[in-house]
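Here the structure comes first, spelled out in structure tokens, and everything after it is commentary.
The values are calculated or read from the model by the stated rules, or taken from the named source; none is laboratory data. The structure displayed is predicted, hence computed values, not measured ones. Here the Cβ is made from the backbone with ideal geometry for all residues, glycine too, and neighbour counts use every protein chain on show. Remember, those area values only see protein heavy atoms, side chains included, never the ligands or the DNA or RNA. Shrake-Rupley method; radii C 1.70, N 1.55, O 1.52, S 1.80 Å.
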Amino acid sequence: MRKAWIVASVAISSALAFVMLLVVGVYIVAGNLANGVGGGAKALAKGAVPAAYSDLVQKWGNLCPAISPALLAAQLYQESGFNPRAQSHAAAQGIAQFIPGTWATHGIDGDGDGDRDVWDPKDAIPSAASYDCELASYVKKVGGNPTENMLAAYNAGAYAVIKYGGVPPYSETRNYVKRITALSESFAAPVGRVDPSEQAAGAIEYAQKKLGTPYLWGGTGTAEQGGRFDCSGLTQAAYETVGIKLPRVANDQYNAGPHPARDELLPGDLVFFSDDLTNSRAIRHVGIYVGGGYMIDAPRTGAVIRFDPIDTPDYFGATRVTEDGAKALPTTV
């Protein structure tokens with residue numbers, strides 16, 4: 001029995017030493033790739049948009065040069081979380097959150113069935129793209145970035161953009177432009193290498209200290225909960241220790257940055273799992289990648305925080321957390 005315990009202790013110690021080397025390596029890689037290329041252009045990231053709407057977003061997101069599928073996806077996520085029945089206290093309706101007056105003027109019959117239905121994504125998504133392009137045309141003679149000017153016109157009105165010769169000096173508008181621009185990166189398929197996060201090592205270090213802690217559904221690590229976590233509570237707490245505030249649930253955490261491919265994973269990336277590999281809104285589990293095909297995660301009731309392999313049939317994808325990406329996420333969707 002003692003021999004088995006010694007062997008197990010050596011194995012665990014070796015694993016932890018291996019992980020620490022990976023953690024240190026994150027800082028080195030982050031420095032070496034400081035000038036890397038991130039983000040994407042036209043293609044959507046795998047599963048970032050629910051399959052029911054992916055083709056619509058891909059088609060209509062190329063309606064004019066000022067928008068892209070990723071930008072249109074970011075707007076829809078920001079507005080409704082891709083919920084076609086969403087309704088706000090301000091009477092905004094549907095997946096694109098049109099208020100009735102704006103819909104009456106700018107809603108289009110996107111699917112050609114003879115009506116304009118704000119609750120039908122086949123009308124609402126094309127209408128959102130069309131409205132964006134209309135705004136872009138209003139401010140096309142203004143200098144600067146046409147996409148940023150379009151977003152500013154969406155928030156503050158085309159007149160303000162024309163008056164100030166670009167994004168107006170309103171904090172709300174500038175934050176809106178920055179938020180949607182950053183969020184759009186999480187919906188675009190990367191076209192080159194994705195920069196590593198410099199905070200990743202600190203997040204891993206925190207998660208390592210929680211190894212062996214019992215799982216708690218809804219756990220966020222509070223004293224009242226005995227310092228226990230569920231999967232997204234652990235990842236949220238780990239990144240909060242390095243100054244990045246993630247949303248509470250896993251399927252929202254997926255949009256906190258760009259998405260490296262499986263063979264591009266680095267320690268600190270969040271890795272996600274789902275029973276529906278076409279829909280990021282169906283993600284049900286998340287862990288922190290540590291290298292070598294393993295993650296630290298809080299798996300389920302009755303288990304403890306531990307190392308688990310990531311190469312399983314329900315592996316969905318990964319996110320390289322960025323500060324701007326996390327800040328861009330809506331607090332509720």
Before we move on, is Gly112 small (Gly, Ala, Ser) and either at positive phi or open to solvent by 50 Å² or more (accessible area, probe 1.4 Å) (or both)? yes
Condition first: under 20 Å from the mean Cα position of the chain (by Cα), in a strand (DSSP E or B) and in contact (Cβ under 8 Å) with a residue 60 or more places away in the chain. Can you find one or more residues in segment 266-273 that meet it? no
Collect the residues in segment 46-72 that are touching a Phe, Trp or Tyr at 6+ places or on another chain (Cβ under 7 Å) and over 13 Å from Arg281 (Cα atoms), keeping them in residue-number order. Ala70, Leu72
What are the residues in segment 217-232 that are open to solvent by less than 40 Å² (accessible area, probe 1.4 Å), among the hydrophobic types (A, V, I, L, M, F, W, C) and over 18 Å from the mean Cα position of the chain (by Cα), if any? Phe229
State all residues of segment 118-160 that are in a helix (DSSP H, G or I) and β-branched (Val, Ile, Thr); if no residue qualifies, say none. Ile125, Thr147
In segment 196-212, anything crowded, with 19+ Cβ neighbours inside 10 Å and more than 24 Å from the chain's Cα centre (by Cα) is listed as Lys210
Inspect segment 198-212 for any residue being farther than 18 Å from Tyr289 by Cβ and touching a residue at least 12 places away in the same chain (Cβ under 8 Å) and give the result as yes or no. yes
Looking only at residues that are in a strand (DSSP E or B) and charged (D, E, K, R) in segment 298-333, which one is least open to solvent (accessible area, probe 1.4 Å)? Asp308
Qualifying positions in segment 274-294 - open to solvent by less than 10 Å² (accessible area, probe 1.4 Å) and aliphatic (A, V, I, L, M): Val286, Ile288, Val290
Considering segment 233-268 alone, what residues qualify as being open to solvent by less than 10 Å² (accessible area, probe 1.4 Å), among the hydroxyl-bearing types (Ser, Thr, Tyr) and over 17 Å from Glu185 (Cα atoms)? Thr235, Tyr239
Condition set of a type in the set (Ser, Thr, Tyr) and in a helix (DSSP H, G or I), scope segment 61-100, selection surrounded by the fewest Cβ atoms within 10 Å (Cβ to Cβ): answer is Ser80
Filter result for Val321 (within 16 Å of the chain's Cα centre (by Cα), among the aliphatic types (A, V, I, L, M) and farther than 24 Å from Thr181 by Cβ): no
In segment 132-173, which residue that is among the charged types (D, E, K, R) and closer than 11 Å to Ala66 by Cβ is surrounded by the fewest Cβ atoms within 10 Å (Cβ to Cβ)? Lys140
Looking for whichever is surrounded by fewer than 16 Cβ atoms within 10 Å (Cβ to Cβ) and either out of contact with any helix residue (DSSP H, G or I) (no Cβ under 6 Å at 6 or more places or on another chain) or under 30 Å from Ile288 (Cβ atoms) (or both) here; the options are Trp119, Trp103. Which one fits? Trp119
